[in-house]
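To start, the structure under review is shown below, and the notes come after it.
No lab work stands behind these numbers, since they all come straight from the coordinates. Everything numeric here is computed off the predicted structure, so don't read it as measured data. Cβ placement follows ideal geometry from the backbone for every residue including glycine, while neighbour counts extend to all protein chains displayed.
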Amino acid sequence: VSAMDAPAHLARLAPRELVLARGAALWPTGGTLARVLRAVDGVLRTERDAWEFDAALAGEELARQFRVSSLEGFGFGAHTTEAQGALGALVRYLRDLQPGGLPHLARPIVEHAGAAMPLDDMTRRNLELVESLRGGTEGTVLAVLDETATPMGARLLRQWLLAPLVQRAPIEARHAAVEALLHDPVSRAALRDALDGVRDVERLASKAAASRATPRELRALGDSLARVPRVRELTEGVVQEAQRGGASAGVLATLFGVWDAWSTVGGEVQGALVERPPLQIGDEATIAPGVDAELDDLRATRDGGKDAIATIQAQERARTGIQSLKVGYNRVFGYYLEISNANKHLVPADYQRRQTLTGAERYITPALKEYEEKVLGAADRIELRERELFEALRATVGAEIVRLQAIAQRVATLDVLSALAHVAERHQYVRPTLHDGFDLHIVAGRHPVVERMMPREQFIPNDLALTDDKRLIILTGPNMAGKSTILRQVGLIQLLAQVGAFVPAREARLPVTDRIFTRVGASDNLVRGQSTFMVEMSETSAILHTATARSLVLLDEIGRGTATYDGVSIAWSVSEHLHEAVGCKTVFATHYHELTQLADELRSVRNCTVAVREVGDQVLFLHKLIDGGADRSYGIEVGRLAGLPAPVIARAKEVLALLEGEGAQMAARLTTEGHQAPAGARARGPVARRSATPTGQLGFFGDEPREVVRVEVRDDPVLAAVAERLRALDPDRLTPLEALQQLAALRAQLSVEAGA
């Protein structure tokens, strides 16, 4: 893994502990190191001696662990020496933690670079894939898609979401499997029903291999394995149905072709254990009757001994004439005959006193002692024999750990695919069309999570296209109009397509992207001393350094954490860099309306906005994406909807009118003073691109510096009147807003009197 991609891979794996070579640095390359440290913040780090990471020693360790002569069959080679060394060190560390051995470890799988899409932490967080911004899984994409029936399927679905594929063939193989299951609802329902009784085979098998599975867990494993033949049969039916229709079953056909038909272990476990085994041996019966002749004999002896003791009680009552005589048992004295003090004179001579109570005496006889030894001895030997039989059965199951793990993986894959088909049918998702080109077309796209939180008819779908001549969209529009929702739904539709799922749209024609980047909002990182703006800039920097022409970049409000001029400048230059240097597909949502000028400056920039309708002083948000740029953000209207006091809203409108009036006056003065671009010159942007007049260059808001002309006040009556008003002002008593109002009034006076 490269230093640049390391944080994304660590975010996907979400490790609890890192095992490092003592003294080793984590990719010590400036900003990248900071990103890596953020990705592992709070993770336990364990240091081991550097020699444990030697690839040659690791090869020997791994060969012993997995009982192979060479690691080449696992995909290890000259290009994976560092990975081999790391894995060997990890196995050695685990052996130290578990000296009894690690028979339950699954065989290693080498994941080559380029097989899965790295998703950095900010993208995973902003798209709310497996954890919402508020914490927990509610309101996440995982919560929408997780209709799995097994714990293994739930884990695999999470893995797929965090590691979308980047090669078209395996993605389309998943799509074909989902489509085959979608078009065969009867078999799919039966398959989901069969999977519903399958427990966590992967973990139960690992426990059996490690000799930690309880009788109840081993029975659960047996019951689960007994369902596997039915699962295989239903899979075969779906594959055959798809092939009869001339379609490919994709991953399903591959799974069926390599399916392990071995199902004897499930039957063996079910036959050997009782239907409801206890948690521990000795509490109740664990091994079923008829499994072992010796155990059956011992049980007969134990149960027959109890009957004999009841017979002894009846015989002794008849012999002594004491009808209240009873046979009892406790752990201290064993079996005894209890006789009340009133009948002590009837006790035979061969009774031996064992215990004296307040109102009775307890005795034993040779015959009773003989039966006691026989019964208790049988009970002890039953527990010992059951333990021997159970441990042998557990060892037999554990020895098949490799096959069991393979079965678990195939069952999990089936579970995920059937869940994706179920979700696609329930929520009207469609199969996306993938291609190797550049263009992205989405028709009636929807946000998979937001649409679940409201009635279907209330969510407004939107179309979006990103092509070579429209690869950067400047998305403007008012607050609350849904810009962030549109931004996220584009990223989620692309991501779900590459996971292998169907997508929430009426139609989707998508390229295979190498990375998806989203930067939406920002927060302080006080622990590392980073402000909101610093976090924003760090995340933007990571995008600009990592994105390629095949990437999809989704930005929201870059540059809002600093002064207006700084923010606009950064947002402008970031947009130019993505367009000119990177050339990727980009949607940039912003309230900087100045950025709409980029559509005139750059060939492949287009403006889009989210429509609103004004009815009187009310604003209706239509949530519909249309071409063109917005000239207002309707922030005051949103403040009114949020419940700001009416006087605050009214005053805000006055100040807004004042500021907008000043902007118009400045524009008018610039026009009358002749500060226009030369005739025929193409506008090239606000900074260092616009043709300059001899007096300087225009800024973002037209505030061009002008030559200073010295004028004597006494020679100009207009200036004299203004000067008189200025002398009457007391700056120490003016608020900032009053100062702005006075300044506007003075400038208005200059304009009026100069015009007269």
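What the table below lists for this structure:
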read-out: Extension gain (nm, one decimal) between Thr320 and Ala650, 0.36 nm per residue minus Cα-Cα; value: 108.0 nm
read-out: Gained length - Thr532 relative to Asp730, 0.36 nm times residue gap less alpha-carbon distance; value: 67.4 nm
read-out: Dipole of segment 342-464, positive direction: furthest Cα of His441, Ala378, Ser418, with charges on the beta-carbon; value: Ala378
read-out: For segment 444-483: rounded, prolate or oblate by the Cα gyration tensor [a/c cutoff 1.5]; value: oblate
read-out: Within-14-Å neighbourhood charge of Val186 [Cβ basis; K, R +1; D, E -1]; value: -3
read-out: His623 long-range amide H proximity, modeled H, under 5 Å; value: Ala611
read-out: Long-range tail of P(r) for segment 212-277 (Cα pairs > 17 Å, %); value: 51 percent
read-out: Compactness index (Cα Rg / 2.2 N^0.38 Å), segment 149-300; value: 1.31
read-out: Potential extension, Glu60-Leu376 segment - 0.36 nm per residue separation minus Cα distance; value: 108.6 nm
read-out: Dipole axis of segment 100-230 (+1 Lys, Arg; -1 Asp, Glu on Cβ), positive-most option in Ser132, Ala173, Ala149; value: Ala149
read-out: Residues whose placed amide H lies under 5 Å from that of Arg354, excluding near-sequence neighbours; value: Arg362, Tyr363, Ile364
